[in-house]
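Note sheet for the following structure.
The values are calculated or read from the model by the stated rules, or taken from the named source; none is laboratory data. Computed from a predicted model, the values in this text were never measured in an experiment. Neighbour counts run over all protein chains shown; Cβ positions are idealised from the backbone, glycine included. Accessible surface is based on the protein model in full, side chains and every heavy atom, while ligands, DNA and RNA are left aside. Shrake-Rupley method; radii C 1.70, N 1.55, O 1.52, S 1.80 Å.
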Amino acid sequence: HTYTSASVMSEKNVQYGYYEVRARPMNSAGSSSFWFQTAPWDAPKGVDGPIGNEIDVFELAGKAPGFERKLNITLHGSKPVDAKRQHFQVGAAYLTPWNLVDAMHVYGLEWDEQRITVYLDGVPVRWVENTCWRWPMRLIFDSETMPEWMGMPKDADLPSTFRVDYVHAWR
């Protein structure tokens, strides 16, 4: 299939603070995501390590079977192993008591030098020690298909819209 999707990326890098969005995922098997990433063109010269680091506040697939209530939270990082950089990830799915497409919800990320915490409607649902997410990153919203993970959207579910009411950021 040929699908059209969208992505919005901050013009400038951000680092540390509290970021909050009020959003509702697409009512399809497509992914609705809010995340941060260090892009290759943003890496400081002479520094090996931050490229590809990600903080996925959420990757939601509102109507994909088994994903209706899953808040997928994943952090991707890299660490030195034998003079090379090795990718690793820390992730989990938080199971909500409701289908995420049924209403708008407030998703938050508190990010500082020691800890990264994800909130859903003001309640902390996941935290990790900040072991390598100490570089400025781009704030990103996107929708896309992830066939191997979430399946493909059904034609009857399209068009489908990922809605974001607001983005707030505090440093």
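Just one residue in the set SER32, SER78 is touching a Gly at 6+ places or on another chain (Cβ under 8 Å), outside any loop (DSSP other than H, G, I, E, B) and at pLDDT 95 or above; that residue is SER32.
If you go through the range 55-70 one residue at a time, how many are assigned to a strand (DSSP E or B), surrounded by fewer than 22 Cβ atoms within 10 Å (Cβ to Cβ) and touching a residue at least 40 places away in the same chain (Cβ under 8 Å)?
Qualifying residue count, the range 55-70: 0.
Does the range 101-111 contain at least one residue that is open to solvent by 50 Å² or more (accessible area, probe 1.4 Å) and at pLDDT 95 or above? Checked the range 101-111: at least one residue is open to solvent by 50 Å² or more (accessible area, probe 1.4 Å) and at pLDDT 95 or above.
Filtering THR161, THR131 for residues that are of a type in the set (Ser, Thr, Tyr), open to solvent by 60 Å² or more (accessible area, probe 1.4 Å), outside any strand (DSSP E or B) and without any contact (Cβ under 8 Å) to a residue 60 or more places away in the chain leaves a single hit, THR131. Inspection of the range 57-77 finds a residue satisfying the criterion of being closer than 22 Å to VAL128 by Cβ and of a type in the set (Asp, Glu). Considering (1) touching a Gly at 6+ places or on another chain (Cβ under 8 Å); (2) surrounded by fewer than 17 Cβ atoms within 10 Å (Cβ to Cβ); (3) at pLDDT 90 or above, say which one TYR16 fails and leave the rest. So TYR16 meets the others, but not (1).
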